[in-house]
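Encoded as structure tokens, the structure appears first; notes follow it.
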Amino acid sequence: MEESIFENRHATEKRAHLSKISEKEYVNPHLPLANFDTKLNENSQDCEISANTFSDKGNSMKKTMEKTHMCNVCGLANFSKESLFNHLLVHSNQQGSVCEECGKSFTERRNLVRHLRVHTSEKSFVCNICGKSFRESVSLKSHFRTHTKEKPYACDVCSKAFSCSGDLQRHLRIHTKEKPYVCEVCGKAFAWLTSFKSHLRFHTNEKPYVCEVCSKSFTESSNLKRHLRVHTKGKHYVCEVCSKAVSNSHNFERHLRKHAEEKLYVCEICSKAFVRRSNLTRHLCTHTKEKACVCEVCSKTFSDKYSLKVHLRIHTKEKPYKCEICSRAFTASFSLKTHLQTHSELKPYACDACDKAFTRLSNLKTHLRIHTKEKMYVCEICSKAFTDSFKLKTHLQTHSEEKPYACDICGKAFTLLSNLKTHLRIHTKEKPYACEMCNKAFKEKSRLKRHLLIHTKEKPYECEICSKAFTANFDLKTHLKTHSKEKPYACEVCHKAFSMGTDLKRHLRIHTKEKPYVCAVCSKAFTQYGHLKSHSLIHSKEKPYPCEICNKAFAARSNLKKHLRVHTKEKTYICEVCSKAFNNGFNLKRHLCIHKGKIL
């Protein structure tokens, strides 16, 4: 492989060697270079190029001309005297011409003529097929090959072909791992000059490419071109599989890989594959643990610049991505994309186990872990495992005391922005999620999902010990603590222990005498929201929970459950002293008073 690369780059290395020859080593008694003057005047009319003349002209020159003009310094052969004179200027360090605009100097006058078009924006060489114009004839010649599909320059290592030699030389650096362009500020190295120049603008904060419509500026011209499609709404590439339209061929090719499940970029450490190179670059930071990008506001660190950019919008309150259907705004483009799927009823990804369908493949993969019981995301602090990375990230914030999201009304702070949004609905009384069957509304989508299981009678969460089933995973977790007898939450006042933190919070109100839930009708106050809810039914005379056996109705579900034990003869409350059983806790407490002396 190395021999093939060497042959391709031989000419480049030779020119680099020649440039190292100093003026002291140069002796030329035959040619007085001061008298040389290259008089070239490129004109677009002299370069009317057609499909035939591109290849024919170069081939005929090679056949009829030989390199007979030898340099007496380095021995390099040239086709003509003119080429030899221009070459000798390299050894003499004699500048042929200087640009009056920017002071840049050139060894050949034709290079100056070509360079001046950068300042004048002149593009004299026009493609007679598509009308695209260029500053140089060589650029037009390379462009024409996009029409003819001609790729004469092939890589000897991987056989990939290119339309121009410069592209081949740049490609070879992929095999050699050569990165000749090194940043003096941060030491980062690049294989290509364009990538190096773009990188330097991150340090200088230079954004030379400005949108004429909205004045937004960019570091690269490609980003400006991509941005302009926001104004033109141009999406010419339509996917035949899902009908999604994209604005450019690069994004279209990348999108097609999702359907084909083609992942070209593979991590050499863990073999994980990605559709995009940028995703692979971001993933590699998880192995190195490197987080070089620091937020100047809150000092939070990130592995890549894009993540930092999205994070900063939390502080600036900027939401540049707006939904055209419902006007909802987002801080990141991927959040908008995810949101747009809520408007579409298309759910192409279905679960083979339970027939549940999803709008995104990633959501299906996460869902499948419910069936496989796979929990691959583990907390390094407490070893708790999760089915997806988002849940792990959310969990990690429970270990951190940082709560950056504060409520402007009551000052309560939260670790997650989503929790703050949900909390604000307490103040606004907003309940955006309504049940289509009974019109009951909820502040959270998760609460609505849980509620819908009442109508469907579905109880997907089953206890592995006693086979009791529940509508919510939260209820199952609470139930499991009855088997383990684990009560990690203890009251500091009376030392009573509880299996859940919420139960401890409610209990503490007994000591503090706090009753935050007040009835709007009679002003009676309660320690728990559930008690207020049950009390409100006294005023409304509503009894929504009827017994299916005797039709007796109750204001609270708990009272219905107690009543049902009359019919089932179930007695779940057992005395630890004499093993007598009761159908409710109140009767058990009353009974224990008989044994009070024995218990003490």
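The values are calculated or read from the model by the stated rules, or taken from the named source; none is laboratory data. Worth saying up front: this structure is predicted, and the values here are computed from it rather than measured. Glycine also receives a Cβ, built like all others from the backbone with ideal geometry; neighbour counts cover every protein chain displayed. Keep in mind that these areas ignore ligands, DNA and RNA; they rest on the heavy atoms of the full protein, side chains included. Shrake-Rupley method; radii C 1.70, N 1.55, O 1.52, S 1.80 Å.
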- Given labels modelled 7 Å from the Cα in the Cβ direction, how far is it in nm from GLU486 to GLU570? 2.5 nm
- Prolate/oblate/rounded label for the stretch 154-224 (Cα gyration tensor, a/c 1.5): oblate
- Note on the structure: dims of the stretch 203-364, Cα set, principal axes, largest to smallest, nearest Å -> 52, 42, 29
- Segment LYS412-ARG328, extension gain: residue separation times 0.36 nm, minus the distance between their alpha carbons: 27.8 nm
- Quick one: grab the alpha carbon gyration tensor of the stretch 466-520, order the square roots of its eigenvalues as a ≥ b ≥ c, and give me rounded if a/c is under 1.5, else prolate or oblate depending on whether a/b is larger than b/c. oblate
- Query: Could you give me the ³J(HN,Hα) list for the stretch 535-541, computed from phi with Karplus coefficients 6.51, -1.76, 1.60 and θ = phi - 60°, whole Hz, x at Gly and Pro?
  - Reply: 5, 4, 5, 5, 6, 7, 6
- Averaged per residue, what accessible surface does the stretch 203-364 expose to a 1.4 Å probe, in Å²? 72 Å²
- Query: Amide H of TYR209: which non-local residues (sequence gap of 5 or more, or other chain) have their own amide H closer than 5 Å, using H built in the peptide plane?
  - Reply: PHE218
- So, in nm, how far is label THR316 from label ASN419 when the simple model puts each one 7 Å beyond its Cα toward the Cβ? 2.7 nm
- Task: Choose one of CYS494, LEU504, TYR517: the residue whose Cα lies farthest towards the positive end of the charge dipole of the stretch 492-546 (beta-carbon charges +1 Lys, Arg; -1 Asp, Glu; about the Cα centre).
- Result: TYR517
- Note on the structure: The relative contact order of the stretch 477-549, taking Cα pairs under 8 Å that sit 6 or more residues apart, comes to a percentage of 16 percent
- Task: Would you please put 177-183, 302-308 in order of how densely packed they are, using the mean number of other Cβ atoms within 10 angstrom per residue and starting with the highest?
- Result: 302-308, 177-183
- Listed by chain and number, the residues whose amide H is under 5 Å from that of TYR517, excluding neighbours fewer than 5 places away on the same chain and using placed H, are PHE526
- Query: Pairs LYS393/LYS449; LYS457/LYS513; LYS496/LYS552; LYS151/LYS337: which are spaced more than 30 Å apart, C-alpha to C-alpha?
  - Reply: LYS457/LYS513; LYS496/LYS552; LYS151/LYS337
- Note on the structure: Probe 1.4 Å, heavy atoms of protein chains only: per residue, the accessible area of the stretch 103-176 in Å² is 58 Å²
- Would you please give the FRET efficiency between VAL378 and ALA77, computed as 1/(1 + (r/R0)^6) with r the Cβ-Cβ distance and R0 = 60 Å, to the nearest 0.05? 0.35
- Task: Determine the share of the stretch 203-364's accessible area contributed by carbon and sulfur atoms, expressed in whole percent, with a 1.4 angstrom probe.
- Result: 51 percent
- Among CYS127, THR146, PHE162, whose Cα sits farthest toward the positive end of the charge dipole of the stretch 103-176 (+1 at Cβ of Lys/Arg, -1 at Cβ of Asp/Glu, about the Cα centre)? CYS127
- Checked against a 28 Å limit on the C-alpha separation, the offending pairs among LYS317/LYS505; LYS412/LYS468; LYS481/LYS589; LYS319/LYS443; LYS123/LYS309 are LYS317/LYS505; LYS412/LYS468; LYS123/LYS309
- The FRET efficiency for LYS477 and LYS244, from their Cβ-Cβ distance with R0 = 41 Å and rounded to 0.05, is 0.55
- Message: If I compute solvent accessible area with a 1.4 Å probe over the protein chains, what percent of it on the stretch 103-176 is carbon and sulfur?
- Response: 46 percent
- What percent does the relative contact order of the stretch 490-600 come to when contacts are Cα pairs within less than 8 Å and at least six residues apart? 11 percent
- Message: I'd like the projected area of the stretch 397-511, averaged over all directions, using the convex hull of its alpha carbons. Report it in nm² with one decimal.
- Response: 9.8 nm²
- With r defined as the distance between the Cβ atoms of ARG254 and THR428 and R0 fixed at 41 Å, what FRET efficiency is calculated, to the nearest 0.05? 0.50
- Message: Give me the extension gain from THR502 to LYS305: residue separation times 0.36 nm, minus the current Cα-Cα distance, reported in nm with one decimal.
- Response: 66.9 nm
- Could you give the nm distance between label points at SER222 and ASN551, where each point is 7 Å from its Cα heading toward the beta carbon? 7.6 nm
- Message: With θ taken as phi - 60° and the coefficients 6.51, -1.76 and 1.60, list the Karplus ³J(HN,Hα) couplings across the stretch 156-169 in order, rounded to whole Hz; mark glycine and proline as x.
- Response: 6, 8, 10, 6, 5, 10, 9, 7, 9, 5, x, 5, 5, 4
- Which residues qualify? For ALA469, with a placed amide H closer than 5 Å and at least 5 residues away or on another chain, they are CYS463
- Task: Rounding to the nearest 20 debye, state how big the charge dipole of the stretch 203-364 is about its Cα centre with +1 on each Lys and Arg Cβ and -1 on each Asp and Glu Cβ.
- Result: 320 debye
- 3J(HN,Hα) from dihedral phi, the stretch 572-580, Karplus parametrisation 6.51/-1.76/1.60, rounded to Hz, x for glycine, proline: 8, 9, 10, 6, 6, 8, 10, 6, 5
- Prolate/oblate/rounded label for the stretch 256-332 (Cα gyration tensor, a/c 1.5): oblate
- Roughly to the nearest percent, how much of the accessible area of the stretch 459-600 is carbon and sulfur, given a 1.4 Å probe? 55 percent
- Cα Rg, Dmax, the stretch 103-176, angstrom units: 15.3, 42
